[in-house]
Amino acid sequence: MKNLFVVIVAALTVLGTSNASAQSPSEQFGVGASIGWFGSGGHAVYAFNSSLHVGTQFGLLISDGNTNLTFAPYVKYLIGGSKTLRPFFIGQFYISSTTANSTTASSTGLRFGGGAEYFIGNDFGIFAQIAILDLPFSPTGSAVSFGIATPAIGVEWFF
């Protein structure tokens, strides 16, 4: 948790010295890191244009001897806003595997949410998002969840 606090303070410091001409990247590859939806993880992304980003997230959560590994391709659509602050909608298909007490279980589903990303420069953004709808496919009988839940924060670097 201390590391997360240090990252947030550093990001806010950089944010205060941001370039006013910054905007969402276009036709660029990027990498990022986040914490929230599927534990801590990284992602790779391609910005087709300044509004449409497609990528995949890799999550890993190890807690109390349990391990959760997730692969989640996503589509993010950034809407309106200013050049630097862009609200977005995000949709993900996820595959998750959990190992607990030598037993492995997997789950799949769709997750939809929204958030906002602040572009400090043309190559760097900070985002926050929340899940609004979770539609699990497996295991059979899993509950659908609707509402503001599961926040996540992260950063993205484009090159």
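The values are calculated or read from the model by the stated rules, or taken from the named source; none is laboratory data. All figures in this text were calculated on a predicted structure; none of them were measured in a lab. Neighbour counts are summed over all protein chains in view; Cβ atoms, including those assigned to glycine, are modelled from backbone coordinates with ideal geometry.
Picking from TYR74, TYR46, which residue would you name as being more than 12 Å from the chain's Cα centre (by Cα), closer than 17 Å to VAL155 by Cα and of a type in the set (Ser, Thr, Tyr)?
TYR46
Any residue at all in the range 91-99 that's within 16 Å of PRO151 (Cα to Cα) and hydrophobic (A, V, I, L, M, F, W, C)?
Checked the range 91-99: no residue is within 16 Å of PRO151 (Cα to Cα) and hydrophobic (A, V, I, L, M, F, W, C).
For every residue, the table says whether it meets (1) charged (D, E, K, R); (2) at pLDDT 95 or above; (3) within 20 Å of GLY30 (Cβ to Cβ); (4) surrounded by 15 or more Cβ atoms within 10 Å (Cβ to Cβ).
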residue: THR84; (1), (2), (3), (4): no, no, yes, yes
residue: PHE89; (1), (2), (3), (4): no, yes, yes, yes
residue: ALA100; (1), (2), (3), (4): no, no, no, no
residue: ALA116; (1), (2), (3), (4): no, yes, yes, yes
residue: ILE120; (1), (2), (3), (4): no, no, yes, yes
residue: PHE127; (1), (2), (3), (4): no, yes, yes, yes
residue: GLY141; (1), (2), (3), (4): no, no, no, no
residue: PHE159; (1), (2), (3), (4): no, no, yes, no
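Of all the strands (runs of 3 or more DSSP E) wholly in the range 60-144, which have at least 3 residues that are closer than 26 Å to SER50 by Cβ and of a type in the set (Phe, Trp, Tyr)?
Counting at least 3 such residues, we get 85-100, 103-121.
I'd like to verify a number: residues in the range 55-70 that are surrounded by fewer than 18 Cβ atoms within 10 Å (Cβ to Cβ) and farther than 20 Å from THR103 by Cβ, how many?
Selection size over the range 55-70: 2.
Report the residue count in the range 31-62 for those that are under 18 Å from TYR94 (Cβ atoms) and polar (S, T, N, Q).
Residues meeting the conditions: 4.
Out of everything in the range 71-82 that is among the hydrophobic types (A, V, I, L, M, F, W, C) and farther than 15 Å from PHE119 by Cβ, what residue ends up being surrounded by the fewest Cβ atoms within 10 Å (Cβ to Cβ)?
Among those that are among the hydrophobic types (A, V, I, L, M, F, W, C) and farther than 15 Å from PHE119 by Cβ, it is VAL75.
Taking the condition more than 18 Å from THR56 (Cα to Cα) and small (Gly, Ala, Ser), does SER138 pass?
Yes; evaluated as a whole, the condition is true for this residue.
Does at least one position in the range 25-39 carry a residue that is farther than 30 Å from SER106 by Cα, touching a Leu at 6+ places or on another chain (Cβ under 9 Å), among the hydrophobic types (A, V, I, L, M, F, W, C) and at pLDDT 80 or above?
Within the range 25-39, none of the residues are farther than 30 Å from SER106 by Cα, touching a Leu at 6+ places or on another chain (Cβ under 9 Å), among the hydrophobic types (A, V, I, L, M, F, W, C) and at pLDDT 80 or above.
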